[in-house]
Structure formats: C-alpha cells, structure tokens
C-alpha cells in the first residue's frame, strides 16, 4: 500500500486560522473625528467627546471621553457593523476613571437583522475599568449564533451613592472576529 497520496491529502486539507480583524469602527480613537461613530443614549444626560489622553501614551492619538453630570447610569453606543455568522470573536478594550466612582462595562449585542434592530442577543462582556490609571486590555469572547448578521457595542456606566458626576475614558476598543482561511487543494496523480 502506498501512503504518499494519503499524506498529500491530509496536508492539503489542514487549514489555519486567519489573523483577527477588528470589525468595530473607530475603536482606537486615534483622531477626534472617530468619536462621531459613537452616540450617547438620550435620557441619561451623557455627553461624549474626544480626549488627547491615550491609553498607551501616543501623543498623536486619544480616547473617547464620557461625561455624566448626574444620575446613576450612562450609555453610549457604537455604530452598527456587519459580522460573519457563527464566527469566533473576542472583544474588549481599556478604560480609566477620571472622576467619580463608576463601574463601566463594554457589552456587545448581536442581531439577526442587517441594521441592528429587533431582538438583541447579549454577548457576555467584561468590566473594563475599576481604577484611575489605564489598565491592561481586558477582553471576553465566544461564538456568534448561526443567524447573527450585525453587532453593536455599548458602553454601560453605572454609579453608586453619592451619585456624583462621573467621567470615564475608553480606548483601544475592539471586536475581533477570527475566520478560517480558505485552503485551495492541489491535484496530482500517483501512479
């Protein structure tokens, strides 16, 4: 029995995973115009702006600043973006508290529609900051459903008593999706 053809088929069909690709629009806030793809959720008194305070100290970059003048919660949403159904994903980022004592969570939701409307499926998200300095990147991950078409990420910020004003900065936010690399098979004949 000649095993060379079998080995050739085994090696030809072994695939590898592609490099992760950040699908989240403008999550690095490298310039002030990137804040426009994020929106403060109405009703919370929240404002968002660009800050030159960058998580890795890059003087040509910055971060998203969320200011909450009163209340116990604030929310800001990313733009809706397309994803590959059933793909593996990782998402997270960095944040730091500038004022107040909030807890902030970076949560993403998948939708079975092409415009992030309708019923949302929450993807378990990390609490990404509890301190005054920029921490290491914190992330969570999993696998998207077979019917998921789009994702929207949200910053949820909550405050406990005494409900003082809060300011939090976010940087290097990402939603990476890793897809298998297509493999082309070669044909050959063995005599």
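I'd like the distance between the alpha-carbon centres of the stretch 35-50 and the stretch 147-176, rounded to an integer number of Å.
Using only Cα atoms, the two centres lie 11 Å from each other.
Test of understanding: what is the full-extension gain from residue 143 to residue 77, defined as 0.36 nm times their sequence separation minus their Cα-Cα distance? Before the final figure, lay out each step's value.
Values: separation 66, 0.36 × 66 = 23.76 nm, distance 2.14 nm.
Here the answer is 21.6 nm.
Only Cα pairs under 8 Å and at least 6 apart count here; give the relative contact order of the stretch 24-178 as a rounded whole percent.
33
Residues of the stretch 85-128 with the amide nitrogen closer than 14 Å to a label point 7 Å from the Cα of residue 136, along Cα-to-Cβ, please.
Flagged as within label range: 93-94.
Using r as the Cβ-Cβ distance of residue 36 and residue 58, and R0 as 22 Å, what FRET efficiency do you calculate, to the nearest 0.05?
Numbers: r = 20 Å, r/R0 = 0.91.
For R0 = 22 Å, the calculated efficiency reads 0.65.
The numbers here are math on the coordinates, done by the rules we state, and not lab data. As the structure is a computational prediction, the values presented were derived from the model and not from experiment. Glycine also receives a Cβ, built like all others from the backbone with ideal geometry; neighbour counts cover every protein chain displayed.
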